[in-house]
Every structure is written in C-alpha cells, then in structure tokens.
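Structure first, commentary second.
All of the numbers you see were taken from the coordinates with simple rules; none came from a lab. Note that this is a predicted model, so its numbers are computed, not measured. Note that we place each Cβ from the backbone using ideal geometry, even for glycine, and neighbour counts take in every protein chain shown.
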Amino acid sequence: MCWKVTHLLSMKKQKNLGKSVLYLLIASILSAIGSAIMTPRFFSTALGTLGQFRSIPNLGLPGAGAVAIGVFFIVFVGGLFYGWLARLAFTTLGGKGGYFEGLTAVAIPAKLMSIGFLIAAIFTYVPAIGGVVAFLALLIFGVLAYAMLIRASKELFSVDMVTAFVGVTVLLTVSILAVLGASAFGASSLYPGGMPMMGY
C-alpha cells in the first residue's frame, strides 16, 4: 500500500524516478475519470438550484470529456512542477535531495487523494447515503494524503518532523495565496471597471 512507511522507504532506496512519474500518471487518470463522472452531476445540480442564471452551460458528455482532459493535464503537469517546488522548499530548509525526492513526496499523496476523489464522484449518484459516503471518502483519503505528504517529505529529504511540517505548510499556503492572487488579477483584467452586479 502506498501509504505504508515501508513502501515509502523502499521507494527511497530504489530511487526510481519512473515509478514516481507512474504514480503521478495514475493520480492524473483517476482524477480525470472522477471529474468526468462528477461534472454532469455537478452542473445539473447547479442548473436546478441556480436556474435563473441562464449563462450556466448544461454540460453533457462532450463537456465532461473536456473537463476530464483539462483535469488530467492540470494534475500531471502541476504534479511535475510541484515536485520541483518541493525540492526547492526542502533543500532551502536544510533537507538533502533532488527532483526524485520532490516528485515522490508529491506523487504518493496525489495518488491517495485521487482515489478518494474517484470514490466520492461515484457515490454522488447514489441516493440517500451517497453524499455521506462521498464526504467520508474525501475526508479519509484527504487526511491520509496530507499525513503522507508530511511523512514522505520527512523521510525523503532527511529532515525532522517539524521541518517537514513547516515545508508542507509553506507549499500549501503559498499555493493558496498564488491562486487567490491570480484569480483577483484575472477578475480585474476581465472587469477593469469592477465586477458586474447580478440582475443588472
């Protein structure tokens, strides 16, 4: 199992970059499948709840396929980039390692999170208990992924737990701030005179 420490230590010893890329590829495929499954459900719910906003498109299978392709490339290319960011962060904090360590630290949690996302996407179609199971799947695999990100960073870069936690916190916090900043700049470029008011 990819969340077991023995498996992590075995990967560290083998230092097989191809296996880490394969893990990220699996995460990308599972995330894409989950997105394709969830997209029609999500937009049908949005259209039912927010039916007054006619600008919301009713995405069918072609739309779900386009979303899946986009998610695949975002997860895969983003994972490759975050492997480099992880190496940059942890070597700056005093860790020892290269791109293999950074990519592996990212790829294993990504694979775990993608499994939870796929399970959640499937259960959104199950009446009554589907929402609860989807929530539990995201919760359980999210906790596993976050914990494994910290543990993998500790083991792969040979740092203590505090440094691993600080490094992961830096990565996640700066990522969130970057997304918020990019969204704000994007909105200001699209609407230089200010966001339009609903209903006007």
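Give me the net charge for the shell around Tyr99: Cβ to Cβ below 15 angstrom, other residues only, Lys and Arg +1, Asp and Glu -1. Don't jump to the answer; show the numbers that get you there.
Numbers: positive: Lys12, Lys15, Lys19, Arg87, Lys96; negative: Glu101.
Value of the local net charge: +4.
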Taking a straight Cα-to-Cα line shorter than 15 Å from Lys13, and setting aside same-chain aspartates and glutamates fewer than 8 residues away, one finds Glu101, Glu155
